[in-house]
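Asks: What follows is a single structure, and I will ask about it in a moment.
The values are calculated or read from the model by the stated rules, or taken from the named source; none is laboratory data. Being a predicted model, the structure only gives us computed values, none of them experimental. Note that we place each Cβ from the backbone using ideal geometry, even for glycine, and neighbour counts take in every protein chain shown. Only protein heavy atoms, including side chains, enter the accessible area calculation; ligands, DNA and RNA are left aside. Shrake-Rupley method; radii C 1.70, N 1.55, O 1.52, S 1.80 Å.
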Amino acid sequence: MSDSKLAGSVNQLSISSGSTLPSSANPGRQQLLKLAVSNQRQVNYPVTKKDSRVLEGKRYSSSKQKDEPIAGVPSPMGPQWRDFHIGMFEIGKPLGKGKFGRVYLAKEKKTGFVVALKTLHKSELIHSRIEKQVRREIEIQSNLRHKNILRLFGHFHDEKRIFLILEFAGRGELYQHLRRASRFPESTAAKYIYQMANALAYLHKKHVIHRDIKPENILLGIDGEIKLSDFGWSVHAPSNRRTTLCGTLDYLPPEMVEGKEHTEKVDLWSLGVLTYEFIVGAPPFEDVSGHSATYKRIAKVDLKIPSFVSPEAKDLITRLLRHSPEQRISLEQVVKHPWMLKHKASWSSDQ
Ligand SMILES: Nc1ncnc2c1ncn2[C@@H]1O[C@H](COP(=O)(O)OP(=O)(O)OP(=O)(O)O)[C@@H](O)[C@H]1O
């Protein structure tokens with residue numbers, strides 16, 4: 001696909017003059033948290049009908065917004081932005097680096113609304129043949145509204161780059177928190193899995209399968225709440241049956257390892273792997289001797305749960321990690337599982 005075609009595929013965007021991204025403003029961690037809090041204050045009010053109309057306006061984003069109740073909290077819709085372009089933002093500290101570009105902290109100049117601006121280099125997307133994947137990611141993520149799913153407010157492009165205007169996740173990558181802690185206490189793990197189950201229930205209701213659930217794809221908001229991100233492998237599957245092989249090895253379910261058709265139940269399997277990794281500190285089917293050994297362990301459901309894991313957690317993990325997708329416990333049952341009930345009282349009241 002040519003650059004111009006790709007540009008056309010993310011249509012209705014303003015084209016900036018191609019300004020460079022300075023990283024001069026370099027706020028420390030405390031300041032980042034302050035910025036995230038100030039954002040939260042701005043968005044913490046009920047969404048009115050008028051607001052919803054603004055959200056639906058085609059100039060807000062290239063994808064049409066749906067008129068539907070917003071799950072979880074009021075949508076952090078931010079200011080009533082129109083015609084996105086780089087000049088609208090004051091660019092701050094780089095938040096991280098991905099495969100195809102950097103992510104910067106940015107502030108919308110007029111309103112002071114803080115976002116994460118993700119840059120993707122078009123030439124690299126084309127070279128890696130993932131233009132379709134990016135387009136799908138944008139289409140899917142910009143239509144999602146849930147407190148545990150990272151918002152994509154909009155997107156624009158210049159000659160060389162695509163910019164995604166993302167919700168700023170004040171506490172960064174969950175993966176880093178997990179590596180630092182080695183493993184989470186069960187009450188923390190249960191809180192995260194509860195929020196993940198809610199996010200997935202919302203996605204599945206909209207016939208979206210994430211297909212790439214893993215700690216690296218989860219960010220944390222300012223209150224330490226889950227923000228599921230990275231919809232690069234997700235599919236909108238009204239038919240509920242897909243056969244493409246993708247995803248990360250350790251989190252792949254048997255039906256995908258075996259190249260069979262798969263449904264939204266792949267995310268249930270990955271939720272089981274995630275539960276295990278949160279509590280134990282490593283994924284259950286990891287095999288140092290190589291990929292094919294991991295594949296075999298997944299296909300056999302060769303699951304060994306250490307004895308320090310509570311019986312309730314063990315029960316939930318084994319109910320999620322069933323070879324047969326149909327036998328996996330439902331998300332509705334996950335949130336009511338005894339492991340959740342055991343720990344729920346220790347979470348803050350707004351779960
Ligand atoms: N919305 C956000 N809020 C805060 N930090 C973010 C946000 N998005 C990304 N980051 C930070 O920037 C880093 C790079 O993000 P990015 O999504 O580009 O990379 P990635 O997760 O490796 O994705 P990919 O695999 O698509 O390259 C992340 O690891 C994270 O630390």
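Asks: Would you mind stating whether Leu150 is buried (at least 20 other Cβ atoms within 10 Å of the Cβ), free of Cβ contacts under 8 Å to residues at least 60 places away in the same chain and either more than 25 Å from Ile329 (Cα to Cα) or of a type in the set (Phe, Trp, Tyr) (or both)?
Replies: The answer is no for Leu150.
Asks: Give the residues of the range 83-104 that are open to solvent by less than 50 Å² (accessible area, probe 1.4 Å) and near the ligand (Cβ under 6 Å from one of its atoms), sorted by residue number.
Replies: Once the filter is applied, which keeps residues that are open to solvent by less than 50 Å² (accessible area, probe 1.4 Å) and near the ligand (Cβ under 6 Å from one of its atoms), the range 83-104 yields Gly96, Gly98, Phe100, Val103.
Asks: If you don't mind, there's one more thing I want to ask. May I ask you to say which residue of Arg211, Arg183 is within 16 Å of the ligand (Cβ to nearest atom) and touching a helix residue (DSSP H, G or I) at 6+ places or on another chain (Cβ under 9 Å)?
Replies: Arg211
Asks: Give the number of residues within the range 145-162 that are outside any strand (DSSP E or B) and within 14 Å of the ligand (Cβ to nearest atom).
Replies: Counting residues in the range 145-162 that are outside any strand (DSSP E or B) and within 14 Å of the ligand (Cβ to nearest atom) gives 3.
Quick grid of which residues meet (1) at negative phi; (2) away from the ligand (no atom under 14 Å from the Cβ); (3) in a strand (DSSP E or B):
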| site | (1), (2), (3) |
| --- | --- |
| Leu125 | yes, no, no |
| Arg129 | no, yes, no |
| Glu139 | yes, yes, no |
| Leu164 | yes, no, yes |
| Tyr175 | yes, no, no |
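Asks: (1) assigned to a loop (DSSP other than H, G, I, E, B); (2) touching a Leu at 6+ places or on another chain (Cβ under 8 Å): which one isn't true of Thr294, the others all being true?
Replies: Unmet condition: (1).
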